[in-house]
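Comments concern the structure below.
The values are calculated or read from the model by the stated rules, or taken from the named source; none is laboratory data. All figures in this text were calculated on a predicted structure; none of them were measured in a lab. Cβ placement follows ideal geometry from the backbone for every residue including glycine, while neighbour counts extend to all protein chains displayed. Only protein heavy atoms, including side chains, enter the accessible area calculation; ligands, DNA and RNA are left aside. Shrake-Rupley method; radii C 1.70, N 1.55, O 1.52, S 1.80 Å.
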Amino acid sequence: MFDLPSLETALASTIFAGKLQFSSTTGSTNSDAIAGARSGAPHGSVYFADEQTAGRGRGDHAWHSAGAQGLYVSVVVRIPLGTARMPLLPLAAGLAAASAVRAASGLTVDLRWPNDLLIGPRKTGGILVESQSERGQLGFAVVGIGINVHQQSFARDLATPATSLDLESGRWIDRQPLLIALLESLETETRALLDSDAGRTIPERVAQASTWVRGREVEVHGPQECTGVTEGLDEHGFLLVRTGSGVVQIQTGGIRAVAVHRNG
């Protein structure tokens with residue numbers, strides 16, 4: 001379990017001070033945060049839980065959220081961000097999550113555009129950003145982050161094999177320091193979104209933290225389905241993929257490594 005008084009003390013100097021909302025069990029922390037935001041919850045409001053019964057990822061994919069096994073947290077973001085820069089928000093969240101995992105476990109996370117946290121070929125976390133815009137500006141966003149921490153086994157039919165921080169590190173990783181590091185990094189990264197150079201620096205930093213966004217042969221799934229080699233991110237955070245008919249700007253969907261088909 002989390003030590004809530006200690007969490008409040010550790011976060012006293014951050015935007016999250018006095019804004020922690022913990023549930024032992026909930027349907028979805030993102031749903032809780034969206035409801036809170038629509039009721040006026042301020043910037044930096046944090047909704048987290050020991051267990052989710054209806055956790056979800058992008059594209060309405062289910063996210064298995066076993067009790068006391070992972071980190072399930074959603075944060076309300078209210079910053080003066082134009083809609084053109086909103087695709088940078090999940091990338092900034094990925095940078096924050098990678099930094100937190102490294103601080104808490106020493107492990108290096110590979111960021112798979114647009115929202116997956118991988119260690120080697122296995123997925124250890126994901127990001128779901130849901131937002132509401134008003135007259136070309138961000139009204140609010142909810143940044144949901146799920147990280148597998150203590151899990152020892154996973155379903156075999158996952159599109160990407162899964163892992164946990166405990167399995168990868170060979171030791172027990174305390175969720176409380178991980179949560180603190182995540183929130184501190186998220187505060188830093190959301191502030192960086194407002195810098196005039198964010199459209200250059202955030203994509204560059206993601207490219208440095210990812211083996212996926214440059215020089216990787218991938219299959220794009222979603223409405224812009226295609227196959228090609230990744231050529232980096234543009235200033236909006238969109239993925240550039242060189243296909244047989246030219247470079248395609250991928251604005252939505254996801255990517256997988258090109259499957260190798262062998263005869264025999």
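The share of accessible area on the chain that comes from carbon and sulfur is 48 percent, using a 1.4 angstrom probe. Only one residue of F238, V213, P203 has its Cα farthest out toward the positive end of the dipole of the stretch 175-264, where Lys and Arg carry +1 and Asp and Glu -1 on Cβ, and that residue is V213.
Using only helices, what value at 222 nm comes out for the chain when you add -39,500 (n - 2.57) per DSSP H run of length 4 or more and divide by the total residues, to the nearest 500 deg cm²/dmol?
Working: 6 runs with 69 residues, N = 264.
Rounded to the nearest 500, the figure is -8000 deg cm²/dmol.
When only the Cβ of Lys, Arg, Asp and Glu is charged (+1, +1, -1, -1), the dipole of the chain relative to its Cα centre reaches about 340 debye.
Accessible surface of S245, taken over heavy atoms with a 1.4 Å probe and every protein chain present, rounds to 110 Å². The DSSP beta bridges internal to the chain are antiparallel in roughly 90% of cases. Comparing A68, A98, Q152 along the charge dipole axis of the stretch 68-182, the residue lying farthest to the positive side is A98, per the Cβ-charge model. Magnitude of the charge dipole for the stretch 5-125, about its Cα centre and with charges confined to Cβ atoms of Lys, Arg (+1) and Asp, Glu (-1), is about 340 debye.
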